[in-house]
Amino acid sequence: MIPMDVMTGLPGEELVRRGLADLQARRRSIHALLVSIARTRLIRAGLLAESTMAIDDEPERELYRQLLAEGGDAYSRYNALVRELISFELALDQRLRKSGSPTE
């Protein structure tokens, strides 16, 4: 596993850190579902153990359901969260490439 400090300063860092903690504690939170969407990529990057189970078989749908249940504009919130996750993934990939750590 790669040290968690590799995430420091990346866009979406706090969101992903919270999601990783919730996922590892098996909390069915919005953050855990978001991290579950990127589970394979986070495992490949060394930030998540392969043995960590996903919270849901369809985390995208469950994330949207939870956002709907909270009220407000679930569609916009879902898209904003996914965009932030993508920004995190791209920045992480770039950081790992620069450090010579494998991402694939």
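The values are calculated or read from the model by the stated rules, or taken from the named source; none is laboratory data. Given the structure is predicted, the values throughout are model-derived calculations rather than measurements. Backbone-built Cβ (ideal geometry, glycine too); neighbour counts: all protein chains shown.
Pull out all pairs, ordered by first then second residue, where Cβ-Cβ is under 7 Å, the residues are six or more apart or on different chains, the first lies in the range 12-31 and is without any contact (Cβ under 8 Å) to a residue 24 or more places away in the chain, and the second is among the basic types (K, R).
H31/R18
Among the candidates E60, E14, E70, which residue alone is surrounded by fewer than 18 Cβ atoms within 10 Å (Cβ to Cβ) and touching a helix residue (DSSP H, G or I) at 6+ places or on another chain (Cβ under 7 Å)?
Values: E14 fails: touching a helix residue (DSSP H, G or I) at 6+ places or on another chain (Cβ under 7 Å); E70 fails: touching a helix residue (DSSP H, G or I) at 6+ places or on another chain (Cβ under 7 Å).
Sole residue among the options that is surrounded by fewer than 18 Cβ atoms within 10 Å (Cβ to Cβ) and touching a helix residue (DSSP H, G or I) at 6+ places or on another chain (Cβ under 7 Å): E60.
Answer yes if at least one residue in the range 50-58 is modelled with pLDDT under 90 and within 26 Å of K98 (Cα to Cα), and no otherwise.
yes
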